[in-house]
Structure formats: C-alpha cells, structure tokens
1. Which translational diffusion coefficient, to the nearest whole µm²/s, is obtained for segment 1-53 from the Stokes-Einstein equation, given a Kirkwood hydrodynamic radius over C-alpha pairs, 25 °C and 0.890 mPa s?
2. Mind giving me the nanometre distance, one decimal, between the label points for Glu125 and Gln89, set 7 Å out from Cα along Cα→Cβ?
3. Placing unit charges on C-beta atoms (Lys and Arg positive, Asp and Glu negative, everything else neutral), compute the dipole magnitude of the chain about its Cα centre in debye, rounded to 20.
4. Report, to the nearest whole %, how much of the accessible area of the chain belongs to carbon and sulfur atoms, 1.4 Å probe, protein only.
5. Under the definition of Cα pairs under 8 Å and six or more residues apart, what whole-number percent is the relative contact order of segment 84-189?
6. When a/c reaches 1.5 or more, the comparison of a/b and b/c decides; with that in mind, is segment 171-218 rounded, prolate or oblate per its Cα gyration tensor?
7. Please tell me the relative contact order of the chain in percent, rounded to the nearest whole number, where contacts are Cα pairs under 8 Å and at least six residues apart.
8. Antiparallel as a % of all DSSP beta bridges within the chain, to the nearest 5?
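The values are calculated or read from the model by the stated rules, or taken from the named source; none is laboratory data. Since we're looking at a predicted model, the values are computed, not measured. All Cβ positions, glycine included, derive from the backbone under ideal geometry; neighbour counts span all protein chains shown. Just the protein is used for accessible areas: all its heavy atoms, side chains included, with ligands, DNA and RNA removed. Shrake-Rupley method; radii C 1.70, N 1.55, O 1.52, S 1.80 Å.
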Amino acid sequence: MAIEHYKMFIDGKWVESSSGQAFDVINPATEEVIAKVPLGTRDDARHAIDSARKAFDSGVWPDKTPMERSNILWSIAEIVEKNSLRLAQLESKNVGKTIKYARDSDLPFIIDNLKFFSGAIRNMEGRAAMNYSGMGLSVIKREPIGVVSAIIPWNYPLYIAIWKIAPALAAGNTLVIKPASYTPITLLEFAKLTEKILPKGVFNVVTGPGETIGTELASNSKVDMVAVTGDISTGKKIMQMASSNVKKVHLELGGKAPFIVLPDASIDAATEGAIVSAFWNTAQDCTASTRVYVHESIHNKFVETLVKKAKKIRIGDPSNESTDMGPLVSAKQRDRTEQYVKLGIKEGAKLAFGGNRPKGIKRGFYFEPTIFTNVEQKMRICQEEIFGPVLSVMKYKTIDEAVEKANDVVYGLAASVWGKDITQLTNIANRLRFGEVWINEHGVLVSEMPHGGYKQSGFGKDLSIYSLEEYTQIKHIYIDTTGLARKPWYYVVYGDKG
Ligand code: NAD
C-alpha cells in the first residue's frame, strides 16, 4: 500500500520539518504505516506563530466584516462536504473508528459546526448603552483575541479540531494548530482544502510532539490564547506555560462520566444507552459512560441485560459496514486498558464480560468491551480515566448515595440520569457537579449547545455561542455626550473653583 508523505502548512506554504525528520503514522487496525509526517521542531512552531501574528496584525483576517468571514467559513463547509466520504475513510483508517461512525457522525457534525459558526458570527452583538449619569454613551465591542494556538487529541482528530477552528476563525483570530501525533492526517487534508480559501498565514498546521511543538504553542509570548483538548496532566502543564504572558486558556480535559439508573428506569432503554455510550468510538471519548450506578432493586436484572447486549457488539475491521467497534488508537492505549483490567481484578472487582484481546484477530490494537461488577468507589478503575472499553457497574441504596458517589471524582465533564419522574430526574441533574447532564440519554451533542467541564475537566466551552464568545475579548468604548470642556466629574479632582 502506498505511503502518503505529508508536509506541514505554514504561512500559506507546504514545508518539511526544519530538522528534515519525519514520523510514521499507523493504521491501528492493521499496524501498517500509512503516512509519513514531518517531525516539526520548536523553530517550525515559532515560524508558524510568526506567520499567524503577521496575518493578524496586518488586519487581513480580523478586519474582514462578519459577513465576509461568514461566507468564507460557509465555503469551507461546502468543500468539506464535497470531500466528506474521503475524509471519513481517512479518519477511520487513522483512528480505527468504524467507517459508519466517521461517515455518519464525525463528518456531518464537522460540516454542521462550520455552518453553525458561519451563521453565529453574524449574530454576535456588542451592546450600546447610555451611561447612567447621562454624560456618555458606552459601546461594548467583541473583538478577536489575536493569535490562537490549538492543541488537539487523537480520539476525534478533525471533529475536535473544528470545534476550535470554526469559532476562532469566525471571530477573526488567526490560528496555529497541532494535531496529536497518532492522528495528523485529516487536519492536514483539511488544510489542503482550505489553502486557496483562507488568506496566507491565517491558518497554520504544525505536526510533532506535544513536549516540543506543544510547549512552544503554549508558552510563546506572541500567542494570545491557547485552546487545548487533552488529558488533565497536559492541561495543567499548559496552564503553567501559558502564564508566561498571561494567555487566555481554554481547557477541555478528561472525564469519568457517571450513569445513574433509578429504580423506575426502563432497563431496556438504560442498558441500550449504557452500551452505546460506554463503547462507541471504542470508548475513546471524554464523555463515555464509565461508572454505572444502579439501584440495588434492579441491579442483577440490569447487569444480565447489559451483558446480553455487550455480547452482540461486533469487533473487527473498522472499514467494514457491519463492525460496531474497531481497535484502540495505539498499542500504548490497548496496553493501558489491559493494565487497568488486571488492576480491577486485583482490586477485587468481578469481571462480568470481556477483559481480553479478542481471539482470532491477529493484528491491530483490539480489546473486548469489558464490564466489571462489584466495583468499589475507591478502586482506581472507578476513579481514573482509562480511555478504553471498560465499564464499571455499582449498586446503590439511596439517591443521596448515588449522587455523592457520582460526584466523588476529580472529573466533572458529563453525566446522565435515567428514570421516569422528571421532577426527581431534574433535581438529581441539579446536584451533579458536571458541565453536561443528560436525562434518559447519554452522549448527544449539538452545535447550538455548549460542551465543557466542571472541576478538573477544565473550563471554557466548545460548541454554541458560548464558545464563540470564548474566542473574543470585550472592549468598552466610552463616548462623551456632554460636549463640556470641564465635565461634571472633574470637580471631584479640582473642587468647584477655577
Ligand atoms: P494528551 O493530553 O496526551 O494529548 C493532547 C494533545 O496535547 C496532543 O496534541 C499532544 O501532543 C499535546 N501535548 C501533550 N503533552 C503536551 C505538553 N506538555 N505541552 C503541550 N502539548 C502537549 O491527550 P490524548 O491522549 O491525545 O487525548 C485523550 C485525552 O483527551 C483524554 O484525557 C480525554 O478525556 C481528553 N479529551 C477531552 C475532551 C473534552 O471535550 N473534554 C474531548 C476529547 C478528549
């Protein structure tokens, strides 16, 4: 199979790494090298930042009207739409996600997101108001922040990149973006699609390790804002680095989502929801349900139904239409999952399903959907983000206990609660310390509604008008309407003499 050789996109040009080195990109389903990508250096990252800075300061992008930026984003959405099947196939090949998921979920959402922010920027209003004292008129403007750097994880390479690209560009910022090294391909393909649409320097893609390139993007003083989706430990380091010039920081970090099942919940609906939300994208999702708290009265029936459904998950080649679950993104991620399963068993949890590499699949980083019961709150499989297909099921007696345990992790991204009484469900949702709570659902995101965490899951919202606001800063312009040489408040300084 032909190996594609990519370059980085800096200042409107396709360039190799200044070190001359490249790294391999692997298909996790076959373990074959599918591409070579430049191993960028800090110098390359600086070059990209300088180019974004120059483009921003020249006004070529921020000075465009909202209508002009809106039209450009719309044309990007259209070109992505024309190429969506090819992009979905590449995403599937690079991440190992099933083709049906990449094609029918990632890509439609990417296109919708570009269109949403194309529209939203035309609705972003400042405000104008008479000053209370009647001496002036205040104008509140929303302006772009400047140069934004964005650092992207590997689980939704293009989709999460678009969560940053669309609002940042819509608001008039220029951008340097870094994909995760496992999955750089679709972002580079996206840059190819947009190279003739966006002015030079407005959009730059650099590839290479977080420790070098990512560090430069987070610490360089020409960058005004850094937006990151990644692990909590990465977010903490980036926050520290960003403090060098007090950059604005936008962090979307990990999750360990609880899934609370009340005694009156439909077992069929709740188990269906738990299976899908625990194992979609091979569980490499920050909102994936990972801790199911089931009322003791229905626990056994729930587990029995859950296991029956887990048995039906078809693992295999992600390019196959009938596959439900592909491999994990890397050997490292598969091994990490395996280690957590061993740890769960050692800690005393009971394996109700899975727990192994699937038999009969010789290549690829596959792991079975795995369900633990008898899990205790303090166990590491309950407290730590595994980012692999491992679901823990726990019993509870009272609602207070379920809420307390659901909240008892450092994460606060997403949660769900299942049952029949809407008043009770809403009260529980109010008590959950998570940025996103679903009722009788787990996992739905839409472009119009915000997504983002509480606690160590970070701050700053993706999606929605709240995200667009994140990529702007507020300016207050005050216009004197008295026309007086000596304004009334000057008397506070001068007294009323003179
Ligand atoms: P990661 O933190 O290892 O890497 C994320 C990105 O940060 C990569 O591009 C990486 O190269 C870069 N990076 C790593 N170290 C860096 C450093 N020291 N300085 C600057 N950049 C650095 O995360 P991952 O393994 O790619 O992704 C999985 C994580 O992302 C999970 O914790 C998951 O929960 C989280 N995630 C969160 C959301 C959300 O919306 N909250 C969405 C998806 C994934």
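1. 204
2. In this crude label model, Glu125 to Gln89 measures out at 4.7 nm.
3. My answer is approximately 460 debye.
4. After summing per-atom areas, the C and S share lands at 53 percent.
5. 29
6. Oblate shape, in that a/c is at least 1.5 and b/c is the bigger or equal ratio.
7. Over the chain, the number comes to 17 percent.
8. Restricted to the chain, the bridges split so that about 40 percent are antiparallel.
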